[in-house]
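The values are calculated or read from the model by the stated rules, or taken from the named source; none is laboratory data. Just so we're clear, the structure is a prediction, and the values are computed from it rather than from any experiment. Every residue, glycine among them, receives a Cβ derived from its backbone with ideal geometry; neighbour counts consider all protein chains shown. For the accessible areas, the whole protein counts, side chains as well, though only heavy atoms, and no ligand, DNA or RNA atoms are used. Shrake-Rupley method; radii C 1.70, N 1.55, O 1.52, S 1.80 Å.
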Amino acid sequence: MSSPSPTPRTRPGGRTARIRTQVLDAVSAELAENGYDAVTVDAVAARAGVHRATVYRRWRDTGGLIADLFTAAGDIDWQPRDTGSLVGDLTALNQEIQDSLGEPNSIAVALIAVSFRSAEAADALRRLWADRYHQSEVVVRRAVARGELAPAVDARALLITATAPVYHQVVLLRLEPDPELPRRAAESAVAGVLSTSCCAPAAPSDVTSPP
């Protein structure tokens, strides 16, 4: 699933919606550029160009600002690409993740980091990942419909297996993005799941009907 990009899309709602967008843009920028400790009501208000009281009235404190940032990320209408094959779909998914994690001042990496500083943020991130995995399971359903996988496949386990190498390389090892990794990880995950008897599609029968 694509790593979270938390700036909400513009929605109807007039001044209230505009202020929320300004404030959450400011939270994203402070978090990505300066880290969790820089996200204060005063810093966010100044960066957003709104009065401190406006921020305090709606979000109360840093915890409220971070929580709403995760909420905004979950509101984004995102769907994984349909490339026509399971390996292609997983490769495209991994490429989105790698691009998001590898960009300068990545907000995706900043959100992962802040989850280690705040229990509230950790809970919000878990909910967000659960939602993203649920959205990404369509990749597996499409593969089943195309006959690439048996219906018994564990969609969540396959998605984790396919995407984990990207997070490991970029977030944990802090290595430069590898242009070959998205496809290599996808192919490895698919090969692994097809090697199990439960998940490989049934072979076509050689028996022909009598004339």
Those residues of the range 128-180 which are β-branched (V, I, T) and either touching an Asp or Glu at 6+ places or on another chain (Cβ under 6 Å) or open to solvent by less than 40 Å² (accessible area, probe 1.4 Å) (or both), in sequence order: V138, V139, V140, V153, T163, V166, V170, V171
Every pair of residues 6+ apart whose Cβ atoms lie under 8 Å, when the first sits in the range 67-81 and is within 14 Å of I107 (Cβ to Cβ) while the second is polar (S, T, N, Q) and at pLDDT 90 or above: L69/S28
Residue count for the range 115-153, restricted to those that are in contact with a Cys (Cβ under 8 Å, 6 or more places away or on another chain) and either without any contact (Cβ under 8 Å) to a residue 60 or more places away in the chain or within 20 Å of A73 (Cα to Cα) (or both): 3
Candidates D42, D77, D37, filtered to the one that is open to solvent by 60 Å² or more (accessible area, probe 1.4 Å) and closer than 30 Å to E187 by Cα: D77
Qualifying helices (runs of 4 or more DSSP H) (wholly inside the range 61-161; at least 2 residues being under 30 Å from D25 (Cα atoms)): 62-75, 86-102, 107-114, 119-136
Qualifying position, being closer than 23 Å to T21 by Cβ and more than 17 Å from the chain's Cα centre (by Cα), among E96, E120, E103: E120
Close pairs from the range 15-34: first more than 11 Å from W59 (Cβ to Cβ) and without any contact (Cβ under 8 Å) to a residue 60 or more places away in the chain, partner open to solvent by 20 Å² or more (accessible area, probe 1.4 Å) and of a type in the set (S, T, Y), Cβ under 8 Å, at least 6 apart: A17/T10; T21/T7; T21/T10; D25/T7
Index of the failed condition, A119 passing every other in (1) small (G, A, S); (2) more than 30 Å from P201 (Cα to Cα); (3) open to solvent by less than 30 Å² (accessible area, probe 1.4 Å): (3)
Some residue of the range 174-197 being within 15 Å of S85 (Cα to Cα) and among the hydroxyl-bearing types (S, T, Y): yes
